[in-house]
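One structure below.
The values are calculated or read from the model by the stated rules, or taken from the named source; none is laboratory data. Just so we're clear, the structure is a prediction, and the values are computed from it rather than from any experiment. Cβ atoms come from the backbone with ideal geometry, glycine included; neighbour counts cover every protein chain shown.
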Amino acid sequence: MTDLRLLRYGLASVAALAVDIGLFLLLLAAGLAAAPASALGYSLGIVTHWLISSRAVFVGRVAERGPDRTRQKALFVGSALVGLALTTAIVGAGELAGFDPRLAKILAIAVSFAATWLLRSRIVFRATG
């Protein structure tokens, strides 16, 4: 079951990544600096990921409405902020080091994916009972 969940999480991540990268590239083309463009793209990807994760990835692990659901959403946002911080720092550092920001973004994607999967599967959507 964990393998199937990881596969669904990977697909949800691809969808969120499409939103993230699409906005990132549009903002770069519009002349916005790489780090804020990356942060904005990632932020819209967060919303996309919650919608998919809560409905298709962690089925049966989403808290009922009320305080438990609010807590879970807060933890999800917290995990996303960890990913956002990693992404922004890696892209920003890459840009400062003279790397193509798109290559830095690829590294950031891998690091952020691993970090958020661990946080979400073990903390945010952990099995209860």
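Test Gly41 against the stated conditions and say whether it is touching an Asp or Glu at 6+ places or on another chain (Cβ under 7 Å) and part of a helix (DSSP H, G or I).
yes
Please determine, by comparing only the residues of region 83-120 that are of a type in the set (Gly, Ala, Ser) and in contact with a helix residue (DSSP H, G or I) (Cβ under 7 Å, 6 or more places away or on another chain), which one is surrounded by the fewest Cβ atoms within 10 Å (Cβ to Cβ). If you could, list the steps in order and put the result at the bottom.
Going through region 83-120, the residues of a type in the set (Gly, Ala, Ser) turn out to be 83, 85, 89, 92-94, 97-98, 104, 108, 110, 112, 114-115.
From what's left, in contact with a helix residue (DSSP H, G or I) (Cβ under 7 Å, 6 or more places away or on another chain): 83, 92, 94, 104, 108, 112, 115.
Numbers: Gly83: 25, Gly92: 19, Gly94: 22, Ala104: 23, Ala108: 24, Ser112: 26, Ala115: 16.
Once the filter is applied, the top-ranked residue is Ala115.
Of everything in region 52-87, what is closer than 27 Å to Ala37 by Cα, without any contact (Cβ under 8 Å) to a residue 60 or more places away in the chain and not hydrophobic (A, V, I, L, M, F, W, C)? Give them in sequence order. Spell out how you get there, then give the answer.
First, the residues of region 52-87 that are closer than 27 Å to Ala37 by Cα: 52-54, 73-87.
Filter once more, keeping what is without any contact (Cβ under 8 Å) to a residue 60 or more places away in the chain: 52, 54, 73-87.
Passing the criteria: Ser54, Lys73, Gly78, Ser79, Gly83, Thr87.
Restricting attention to region 18-40, and to residues there that are in contact with a Ser or Thr (Cβ under 9 Å, 6 or more places away or on another chain) and modelled with pLDDT under 90, which single residue is surrounded by the most Cβ atoms within 10 Å (Cβ to Cβ)?
Step by step, filter region 18-40, then rank; the result is Ser38.
Would you say Val62 is surrounded by fewer than 20 Cβ atoms within 10 Å (Cβ to Cβ), in contact with a helix residue (DSSP H, G or I) (Cβ under 6 Å, 6 or more places away or on another chain) and among the β-branched types (Val, Ile, Thr)?
Numbers: surrounded by fewer than 20 Cβ atoms within 10 Å (Cβ to Cβ): yes; in contact with a helix residue (DSSP H, G or I) (Cβ under 6 Å, 6 or more places away or on another chain): yes; among the β-branched types (Val, Ile, Thr): yes.
It is true that Val62 is surrounded by fewer than 20 Cβ atoms within 10 Å (Cβ to Cβ), in contact with a helix residue (DSSP H, G or I) (Cβ under 6 Å, 6 or more places away or on another chain) and among the β-branched types (Val, Ile, Thr).
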